[in-house]
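Notes follow the structure.
Nothing in this text is a laboratory measurement; each read-out follows from the coordinates by a stated rule. Because the structure is a prediction, the values reported are computed rather than measured. Virtual Cβ from ideal backbone geometry, glycine too; neighbours counted across all protein chains shown.
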Amino acid sequence: MTKNVDPNDVILRKPHVVARTGLSKTTIYLRVRNGLFTKPVPLGPRAVGWPSSEVTTLNAARISGKSDEEIRKIVDELHSARKNAWQG
């Protein structure tokens, strides 16, 4: 059973995340490592992606001028929401 999950949310593969953020693959993974971008969702043995809602949320945070610390908090909240969404 899901909670707080947008049924219209889609998983974006890496090229789409690069296009939507304007960041390089290297920068995305650097931000993941630094807690400034959510971790990718595994889709298979060699495939990952990101929920489109998370990419949109992080883009909005950057556009609105949030600090790195504020963005780290948002990333933590997004990770928690992922875990809680699938707990019945």
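Things to note:
- Residues of segment 69-87 that are acidic (Asp, Glu), more than 12 Å from the chain's Cα centre (by Cα) and surrounded by 11 or more Cβ atoms within 10 Å (Cβ to Cβ): GLU70 alone.
- Conditions (1) in contact (Cβ under 8 Å) with a residue 24 or more places away in the chain; (2) in contact with a Lys or Arg (Cβ under 9 Å, 6 or more places away or on another chain); number of the one not met by ILE74: (1)
- Selection within segment 43-57 - out of contact with any Leu (no Cβ under 8 Å at 6 or more places or on another chain) and surrounded by 13 or more Cβ atoms within 10 Å (Cβ to Cβ): VAL48, SER53, THR56
- Matching residues, segment 47-62, being assigned to a helix (DSSP H, G or I) and either farther than 16 Å from ARG31 by Cα or in contact with a strand residue (DSSP E or B) (Cβ under 8 Å, 6 or more places away or on another chain) (or both): SER52, SER53, VAL55
- Residues that are surrounded by 14 or more Cβ atoms within 10 Å (Cβ to Cβ) and either of a type in the set (Asp, Glu) or assigned to a loop (DSSP other than H, G, I, E, B) (or both), drawn from segment 23-41: LEU23, GLY35, LEU36, PHE37, THR38, LYS39, PRO40
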